[in-house]
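Participant: Before anything else, here's the structure in question.
The values are calculated or read from the model by the stated rules, or taken from the named source; none is laboratory data. Everything numeric in this text was worked out from a predicted model, so none of it was measured. Positions of Cβ are backbone-derived with ideal geometry, glycine not excepted, and every protein chain shown enters the neighbour counts.
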């Protein structure tokens with residue numbers, strides 16, 4: 001009979017876990033905190049430890065380090081209701097078997113227990129300590145992101161990050177860099193979708209003076225600037241087929257040839273890419289190279305939308321509230337009221353975490369607190385009227401009756417509606433539609449009609 005030590009200062013959780021284990025045939029010892037766990041370990045050697053992270057007098061990470069210093073240490077599974085990149089990365093570094101977010105399914109916990117008792121974990125290379133958490137939340141889906149970062153960050157492989165606009169793809173890339181093998185090296189972000197095709201090669205590879213008309217001086221590209229660190233290629237799905245070939249060549253040989261240069265230079269850089277598009281579908285349709293996809297996707301991380309982790313909303317609200325009070329130089333206010341939290345929870349959040357931050361900042365600027373539900377309704381109404389992904393306010397401009405129109409015609413009508421709303425401003429329309437301005441321009445060029453020609457005159 002396997003002997004398991006369960007450590008948690010919460011009596012209800014400790015008993016729930018212990019009883020589930022005993023019902024499954026395990027012998028269980030209980031400890032109500034860090035000190036009690038250390039005392040128990042002096043009396044017997046368990047086959048497995050399940051421990052909470054945050055407890056009075058010490059934490060599960062400290063316990064993990066002590067256990068790992070023993071000869072033939074038992075595996076340890078950490079449990080937490082306050083997950084973070086930092087705790088996940090440190091736990092992975094110190095050889096934790098797994099990292100579970102509370103509340104968890106008992107069947108999932110038992111499956112991980114069975115797996116831990118069959119094999120010992122391997123110790124991953126170290127990651128440096130850092131300041132406060134970069135990403136906030138403890139929903140199981142975001143904890144999986146923490147675990148993925150902790151797992152792959154020390155390994156120098158390219159990573160492809162998927163996520164809707166506003167979910168925090170660059171924060172995940174920064175986490176990979178910070179806990180990677182060269183955290184003190186440069187981190188260079190490049191928004192591929194915002195750079196015209198004619199300039200992206202110069203932006204990434206650099207150029208020599210005179211390489212083209214406006215090249216007045218030599219310029220180091222982003223890849224050379226990131227030498228010894230990480231380059232983050234955001235919206236990689238927007239690059240043209242022509243540039244896909246050039247990027248693939250770099251990923252294969254690690255050589256950078258600036259425009260106008262005669263000799264290439266070798267750079268040592270980790271590539272992290274991100275997109276809100278389905279690259280596998282783009283590969284299937286022939287718009288994205290399969291060999292480039294495989295080069296970029298050495299490992300894949302998917303970030304959940306805010307709607308898929310809505311239980312994290314109160315934590316995120318508090319995080320933004322504290323941040324913006326500090327940044328705006330305003331005195332801190334009390335917590336958000338129940339009415340405010342209810343309104344926030346009911347909102348669809350098409351702009352995800354970025355939109356939430358925008359709303360909280362507006363509330364703090366206008367009222368100094370998160371208490372006035374009337375003001376919040378006005379802010380959410382204003383945001384909804386200009387948000388992407390088919391918000392109700394935008395669809396009021398559209399009317400479809402049988403016989404149904406084609407998807408292409410529906411898209412055309414929607415684009416016209418948004419451009420009408422922005423008075424022809426294509427930059428603002430592209431933001432609302434959730435696409436790049438050059439993508440909108442391509443769609444406009446494909447669309448015929450006098451009305452569209454009139455609208456194209458806007459900036």
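Participant: Looking at the range 95-112, which of its residues are buried (at least 18 other Cβ atoms within 10 Å of the Cβ) and over 21 Å from the mean Cα position of the chain (by Cα)?
Facilitator: If the condition is that a residue be buried (at least 18 other Cβ atoms within 10 Å of the Cβ) and over 21 Å from the mean Cα position of the chain (by Cα), then 95, 96, 97, 109, 112 are the ones that fit.
Participant: Now a separate question. Of everything in the range 216-263, what is touching a strand residue (DSSP E or B) at 6+ places or on another chain (Cβ under 7 Å), part of a loop (DSSP other than H, G, I, E, B) and buried (at least 16 other Cβ atoms within 10 Å of the Cβ)? Give them in sequence order.
Facilitator: 221, 226, 229, 235, 258 - these are the residues of the range 216-263 that are touching a strand residue (DSSP E or B) at 6+ places or on another chain (Cβ under 7 Å), part of a loop (DSSP other than H, G, I, E, B) and buried (at least 16 other Cβ atoms within 10 Å of the Cβ).
Participant: Can you find a residue in the range 294-302 that is modelled with pLDDT of 90 or more, in the same structural domain as residue 176 (by TED's automatic domain parsing) and out of contact with any strand residue (DSSP E or B) (no Cβ under 8 Å at 6 or more places or on another chain)?
Facilitator: yes
Participant: Among the residues of the range 393-415, is there at least one that is modelled with pLDDT of 75 or more and not assigned by TED's automatic domain parsing to the domain that holds residue 328?
Facilitator: Scanning the range 393-415 turns up at least one residue that is modelled with pLDDT of 75 or more and not assigned by TED's automatic domain parsing to the domain that holds residue 328.
Participant: In the list 287, 275, which residue meets the criterion of being touching a residue at least 12 places away in the same chain (Cβ under 8 Å), surrounded by fewer than 17 Cβ atoms within 10 Å (Cβ to Cβ) and under 30 Å from residue 430 (Cα atoms)?
Facilitator: 287
Participant: Which residues, counting only those in the range 138-163, are in a loop (DSSP other than H, G, I, E, B) and crowded, with 23+ Cβ neighbours inside 10 Å?
Facilitator: Result: 153, single match.
Participant: I need the helices (runs of 4 or more DSSP H) fully contained in the range 1-88, keeping only those with at least 1 residues that are at positive phi. If you could, list the steps in order and put the result at the bottom.
Facilitator: On the way: elements: 11-23, 34-43, 60-68.
Correct list: empty, since no element meets the threshold.
Participant: Picking from 39, 31, which residue would you name as being loosely packed, with under 15 Cβ neighbours inside 10 Å, at pLDDT 90 or above and either in the same structural domain as residue 108 (by TED's automatic domain parsing) or touching a strand residue (DSSP E or B) at 6+ places or on another chain (Cβ under 6 Å) (or both)?
Facilitator: Of the residues listed, the single one that is loosely packed, with under 15 Cβ neighbours inside 10 Å, at pLDDT 90 or above and either in the same structural domain as residue 108 (by TED's automatic domain parsing) or touching a strand residue (DSSP E or B) at 6+ places or on another chain (Cβ under 6 Å) (or both) is 39.
Participant: Additional query: Among the residues of the range 209-221, are any at positive phi, assigned by TED's automatic domain parsing to the domain that holds residue 274 and modelled with pLDDT under 85?
Facilitator: Yes, that holds for at least one residue.
Participant: Could you list, in sequence order, all residues of the range 185-202 that are in a helix (DSSP H, G or I), in contact with a helix residue (DSSP H, G or I) (Cβ under 7 Å, 6 or more places away or on another chain) and buried (at least 18 other Cβ atoms within 10 Å of the Cβ)?
Facilitator: Residues satisfying the conditions are 192, 193, 200, 201.
Participant: Quick test of your reading of the structure: residue 26 fulfils all but one of (1) surrounded by fewer than 19 Cβ atoms within 10 Å (Cβ to Cβ); (2) more than 21 Å from residue 151 (Cβ to Cβ). Name the failing condition by number.
Facilitator: Every listed condition holds for residue 26 apart from (1).
Participant: Can you say whether residue 176 is in a helix (DSSP H, G or I), more than 20 Å from residue 83 (Cβ to Cβ), touching a residue at least 40 places away in the same chain (Cβ under 8 Å) and not assigned by TED's automatic domain parsing to the domain that holds residue 99, as far as the supplied structure shows? Even if it seems obvious, please write down each step before you answer.
Facilitator: Details: in a helix (DSSP H, G or I): yes; more than 20 Å from residue 83 (Cβ to Cβ): no; touching a residue at least 40 places away in the same chain (Cβ under 8 Å): yes; not assigned by TED's automatic domain parsing to the domain that holds residue 99: yes.
Judged against the criteria, residue 176 is not a match.
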